[in-house]
1. Test of understanding: among ARG20, ARG14, which residue is closer than 27 Å to HIS79 by Cβ, open to solvent by 80 Å² or more (accessible area, probe 1.4 Å) and at pLDDT below 80?
2. Give all pairs with beta carbons closer than 8 Å in which a residue from the stretch 38-66 that is closer than 19 Å to GLY82 by Cα meets a residue that is of a type in the set (Gly, Ala, Ser) and open to solvent by less than 90 Å² (accessible area, probe 1.4 Å); count only pairs at least 6 apart in sequence or on separate chains.
3. Give the residue, chosen from LYS39, LYS64, that is surrounded by fewer than 14 Cβ atoms within 10 Å (Cβ to Cβ) and in contact with a helix residue (DSSP H, G or I) (Cβ under 6 Å, 6 or more places away or on another chain).
4. Do we have any residue at all in the stretch 14-37 that's assigned to a loop (DSSP other than H, G, I, E, B) and free of Cβ contacts under 8 Å to residues at least 60 places away in the same chain?
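The values are calculated or read from the model by the stated rules, or taken from the named source; none is laboratory data. Just so you know, these numbers come straight off a predicted model, no measurement behind them. Note that each Cβ is placed from the backbone with ideal geometry, even for glycine, and that neighbours are counted across all protein chains shown. Just so you know, the surface numbers come from the protein's heavy atoms only, side chains and all, with ligands and any DNA or RNA stripped out. Shrake-Rupley method; radii C 1.70, N 1.55, O 1.52, S 1.80 Å.
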Amino acid sequence: MFRIIWLFLTTTFRCFYARRTLLLENLVLRQQLAVLKRKHARPRLRAFDKLFWVLARRFWSGWKQALILVSPETVVGWHRAGFRL
């Protein structure tokens, strides 16, 4: 009986985890698309964009796979600069 309950709980958790990951990836890709749609020839990241990536790095382990605009080292640098302030 315990194994059945454990199996049900882990399956439910994995479904929600997979959905959460998909939603986060969708949010990250939409944010990058919004930056690319701005009227500049070369997309410029504003303070809000940098803050978004710093928070994505902190709360989501798969942030590197969805990153297109800047390199992961740049985001880590922004994160460290925030701690220096």
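1. After ruling out the rest, the residue left standing is ARG20.
2. Close Cβ pairs (under 8 Å, with a partner that is of a type in the set (Gly, Ala, Ser) and open to solvent by less than 90 Å² (accessible area, probe 1.4 Å)) amount to VAL54/GLY82; TRP63/ALA56.
3. LYS64
4. yes
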